[in-house]
Structure formats: structure tokens, C-alpha cells
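J.: Have a look at this one.
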Amino acid sequence: MKKLKLQVQMTVDGFVAGPYGELDWMQWNWSDDIKNYVSVLTDSVDTILLGRKMTDGFISHWTNVTADPNNEEYEAAKKFVDYPKVVFTKTVDNHNWINTTLAKGDLAEEVNRLKEQRGKNIIVYGGANFVSSLIKNNLIDEYYLFINPTAIGKGMEIFNKVEDTMKLKLVNSFAFECGIVVNKYEI
């Protein structure tokens with residue numbers, strides 16, 4: 001059975017975005033060591049899950065990057081564009097996103113159906129509300145929390161729908177030259 005992996009950037013005080021979705025706190029000047037880490041993580045999957053609110057920005061950004069083969073993010077962008085994407089939505093019926101299908105059914109049923117398919121693992125990047133729902137339904141198998149050396153005091157959280165204590169097992173932790181620490185957890 002496939003695993004669902006969450007890769008998300010967070011502040012040290014536990015936020016994935018500012019109160020209005022701001023991402024200006026993120027460390028964008030990544031060192032080669034963290035780029036290699038992300039490349040290995042990306043190569044371990046063959047499907048991307050997205051919440052509807054994040055999809056337009058995600059797909060348009062990475063599609064624009066693929067327009068320039070000299071862009072240093074070109075190889076990563078090509079994967080993000082080429083990998084099949086599944087967008088979870090209750091409101092969208094038609095779209096023009098490439099390599100993308102819509103999932104409109106029950107969240108747990110749809111994710112578990114995807115996990116049962118053949119192939120590599122699955123990754124989710126966001127958005128915050130979608131990831132919160134995945135966490136609440138205990139659908140994420142591995143957590144890759146990219147902790148940025150920044151505190152913002154308030155913002156969007158992903159563990160805000162947890163109803164009981166949620167214990168995670170720390171698998172490993174890596175500090176990177178750019179200041180980001182990645183903690184990998186499993187349930």
C-alpha cells in the first residue's frame with residue numbers, strides 16, 4: 001500500500017502561513033543540501049494531492065518555471081508538472097489544469113483508494129485547511145515538517161482539527177545550511 005507523505009514549511013511557532021496566507025516568512029535561499037533532500041523525497045512519489053485553493057497557484061507557478069530550461073528549479077518543476085495531481089474539491093466541476101483529476105467524494109475513501117493503487121508513494125503540499133482535514137482523518141503516514149527559523153505569532157495552522165492527543169514518532173531530523181530543520185515523523 002502506498003504511503004501519503006506531507007511536505008510542509010512551518011514557522012518555529014507552528015504556522016504554515018500568515019493569517020491571510022502570507023508566505024513572506026519562508027526561507028527561500030535554499031542550500032544545496034536541502035535541495036538534494038527535497039529531490040530524493042520528490043523522487044519517492046508519483047502522485048501529488050492538492051486542496052482546491054492551492055491548486056491554481058501551484059500549477060501556474062511550476063508551469064511557468066518549466067518555460068525556462070535554464071531556471072535552476074527546472075528539473076523539480078518538470079516533476080511537479082508531469083506527475084499526476086489529484087485536486088480535492090466540492091466546488092469545481094471543470095478545469096484546465098494539466099495532468100490533473102478531481103476528487104469530489106468522501107476524503108478518506110478517495111485517499112484510501114489512491115493508496116491502494118500501484119506505484120510510488122503520494123505527497124501532499126497543502127493548503128492548510130485541506131491538510132488539516134487529512135490530519136483529522138488520520139490519512140497522513142509520514143510528516144516532513146520543514147521548520148523555518150522564523151516566528152510570526154499568528155497564522156494558519158494544520159494541527160488545529162486534532163481532537164485528541166496525537167503522538168508522532170520522530171524518525172530523523174536534519175539541520176540544513178540555510179537554517180531550515182526538517183523533522184520526519186510517522187504515526
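The values are calculated or read from the model by the stated rules, or taken from the named source; none is laboratory data. Everything numeric in this text was worked out from a predicted model, so none of it was measured. Glycine also receives a Cβ, built like all others from the backbone with ideal geometry; neighbour counts cover every protein chain displayed.
J.: Taking Ala151 as meeting all but one of (1) farther than 25 Å from Gly18 by Cα; (2) of a type outside the set (Lys, Arg); (3) assigned to a loop (DSSP other than H, G, I, E, B), write down the number of the exception.
T.: (1)
J.: Also, quick follow-up: Answer with yes or no whether Val92 is of a type in the set (A, V, I, L, M, F, W, C), surrounded by fewer than 19 Cβ atoms within 10 Å (Cβ to Cβ) and on the phi < 0 side of the Ramachandran plot.
T.: yes
J.: Please go through segment 54-83 and pick out each residue that is surrounded by 16 or more Cβ atoms within 10 Å (Cβ to Cβ) and not in a helix (DSSP H, G or I).
T.: Correct list: Thr66, Tyr83.
J.: Give the residues of segment 160-185 that are assigned to a strand (DSSP E or B), more than 15 Å from Val8 (Cα to Cα) and free of Cβ contacts under 8 Å to residues at least 12 places away in the same chain, sorted by residue number.
T.: Result: Ala175, single match.
J.: Sort out which residues of segment 3-53 are closer than 17 Å to Lys79 by Cβ, in contact with a strand residue (DSSP E or B) (Cβ under 8 Å, 6 or more places away or on another chain) and either in a loop (DSSP other than H, G, I, E, B) or not polar (S, T, N, Q) (or both), and write them in order of number.
T.: Lys5, Ile34, Tyr37, Val38, Leu41, Ser44, Val45, Asp46, Ile48, Leu49, Leu50
J.: Let me ask something additional. Taking into account only those residues within segment 111-132 that are assigned to a strand (DSSP E or B) and either of a type in the set (Gly, Ala, Ser) or in contact with a Ser or Thr (Cβ under 7 Å, 6 or more places away or on another chain) (or both), which is farthest from Lys5 (Cα to Cα)?
T.: Going through the qualifying residues, I end up with Gly126.
J.: Just to be sure before I move on: is Ile123 under 27 Å from Trp28 (Cβ atoms) and at pLDDT 95 or above in the structure I sent?
T.: Here the answer is yes, as Ile123 does meet what is asked.
J.: A further question on this structure: Kindly indicate which of Lys115, Lys136, Lys104 is under 22 Å from Lys184 (Cβ atoms), free of Cβ contacts under 8 Å to residues at least 60 places away in the same chain and not aromatic (Phe, Trp, Tyr).
T.: The conditions single out Lys136.
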